[in-house]
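Working notes, beginning with the structure itself.
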Amino acid sequence: MHKPVLLNEVINFLDPQPGEFIIDGTFGSGGHAQEILKKLGPDGKLLGVDWDEQSFSVHAISDSRFSYEVANYSDLSEILKNLLAGRQVKTFKADGLLLDLGFSSEQLGSGRGFSFQKDEPLLMAYNSVTKPAKDVLKDLSEEELAGVIKNFGEERFFGRIARAIKDQEKIKPIETTGELVQAISRAVPMGYERGRIHPATRTFQALRIYVNNELGNLEKVLKHLEEILNPGGRVVIISFHSLEDRIVKNYFRDFKKVGKLKILTKKPITASLEEIAINPRSRSAKLRAAEIL
Ligand SMILES: C[S@@+](CC[C@H](N)C(=O)[O-])C[C@H]1O[C@@H](n2cnc3c(N)ncnc32)[C@H](O)[C@@H]1O
């Protein structure tokens, strides 16, 4: 089961009130959503969005205040415009937006190639329409692949790893996570990172980010915050690596400078030792929140 991270902190900063309209843009297993719904009173509304078709077939909440869309959260402003059609109002915006980025524990164990600890098809895509990682490896040149591993994985040995992958592709195309792990392990020196992390950690992160255009999606939703949220609306974003956190921090800072939002978290909020002990995934979580002015 996926355990929602920083649950109390999310509720605290999102501050859902009775009658409000809140969007959970990364619904997942609905852990945060269930808790948000409890605060919305009889007239509140919660829209769940997730890219993964399987998410709602398993976890959709049976409650008249809840609706869902299988969609990319980066399209939220368009989704809201479509929802506006037929309503007697000029704008349709939310009072709160939650984004809990990345993949869920369920997806990690779903056999779709997110984990380097098991041998499974190398897909790494959140849904069935995104081009899977095994095809991306075929399509990218060695230079392009090296750039992906460098920029999205912050991996020192990007050139050696890209060469090993493309060399392997020439002999027999990589189809599984196990084959990718073998190619990476052959490329990196013995004692990689003094054994602190698995040699495949950064390359897997890089490929997953590239396959799903994760940073592009985040930038797009941040650019459109004003079309998604009412003045006074809160946005809460939980990121799991420094590339995402930097994007959120910089957008918030730039919007603050031009008087468009108020930052609610001076420093990112992190999980307590107690939470990390029961939910190791929360170790790298960073929460930032802001209010639209
Ligand atoms: C960390 S999980 C969210 C867990 C959720 N908060 C819970 O408590 O169960 C992230 C979810 O975001 C979804 N996701 C990732 N990128 C997305 C995107 N661009 N648009 C919509 N959903 C996305 C993933 O499919 C995954 O289900």
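Summary of values
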item	result
The one condition in (1) modelled with pLDDT under 95; (2) under 30 Å from L6 (Cβ atoms) that Y192 fails to fulfil	(2)
Enumeration of residues in the stretch 61-96 that are within 12 Å of the ligand (Cβ to nearest atom) and among the aliphatic types (A, V, I, L, M)	I61, V70, A71, L76, I79
Given (1) assigned to a helix (DSSP H, G or I); (2) under 18 Å from the mean Cα position of the chain (by Cα); (3) not charged (D, E, K, R), number of the condition V235 does not satisfy	(1)
Residues satisfying the stated conditions in the stretch 39-55, i.e. within 9 Å of the ligand (Cβ to nearest atom) and part of a helix (DSSP H, G or I)	Q54, S55
Verdict on G96 being among the small types (G, A, S), in contact with a Lys or Arg (Cβ under 8 Å, 6 or more places away or on another chain) and under 25 Å from N279 (Cα atoms)	no
Helices (runs of 4 or more DSSP H) contained in the stretch 140-225 and holding at least 3 residues within 16 Å of the ligand (Cβ to nearest atom) and within 30 Å of I79 (Cβ to Cβ)	201-211, 214-223
For S67: the one exception among (1) surrounded by fewer than 22 Cβ atoms within 10 Å (Cβ to Cβ); (2) touching a residue at least 24 places away in the same chain (Cβ under 8 Å)	(2)
Residue within the stretch 33-41 that is in the same structural domain as I276 (by TED's automatic domain parsing) and either more than 27 Å from E274 (Cα to Cα) or at pLDDT below 95 (or both) present	yes
Check on V58, at pLDDT below 95 and more than 11 Å from the ligand (Cβ to nearest atom)	no
Scan of the stretch 250-263 for residues that are crowded, with 18+ Cβ neighbours inside 10 Å and either within 27 Å of K3 (Cα to Cα) or of a type outside the set (S, T, Y) (or both), ordered by number	F252, F255, L261
Hits in the stretch 272-293 - residues which are in contact with a strand residue (DSSP E or B) (Cβ under 9 Å, 6 or more places away or on another chain), farther than 21 Å from K223 by Cβ and aliphatic (A, V, I, L, M)	A285
Residues of the stretch 238-261 satisfying the condition of being assigned to a helix (DSSP H, G or I) and within 16 Å of the chain's Cα centre (by Cα)	S242, L243, E244, D245, R246, I247, V248, K249
Subset of the stretch 242-269 [without any contact (Cβ under 8 Å) to a residue 60 or more places away in the chain and either over 14 Å from K223 (Cα atoms) or not assigned by TED's automatic domain parsing to the domain that holds K223 (or both)]	D245, R246, K257, G259, K262, I263, K266, K267, P268
Which numbered condition V129 misses (of (1) among the hydrophobic types (A, V, I, L, M, F, W, C); (2) surrounded by fewer than 17 Cβ atoms within 10 Å (Cβ to Cβ); (3) in a helix (DSSP H, G or I))	(3)
Hits in the stretch 144-171 - residues which are closer than 17 Å to P132 by Cα and of a type in the set (K, R)	K166
Subset of the stretch 5-38 (residues that are part of a loop (DSSP other than H, G, I, E, B), out of contact with any Ser or Thr (no Cβ under 7 Å at 6 or more places or on another chain) and within 8 Å of the ligand (Cβ to nearest atom))	G25, T26, G30
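So that you can scan it fast, the table gives a plain yes or no per residue for (1) outside the structural domain of K286 (by TED's automatic domain parsing); (2) touching a residue at least 60 places away in the same chain (Cβ under 8 Å):
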residue: E175; (1), (2): yes, no
residue: H198; (1), (2): yes, yes
residue: A206; (1), (2): yes, no
residue: F240; (1), (2): no, yes
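The values are calculated or read from the model by the stated rules, or taken from the named source; none is laboratory data. Because the structure is a prediction, the values reported are computed rather than measured. Virtual Cβ from ideal backbone geometry, glycine too; neighbours counted across all protein chains shown.
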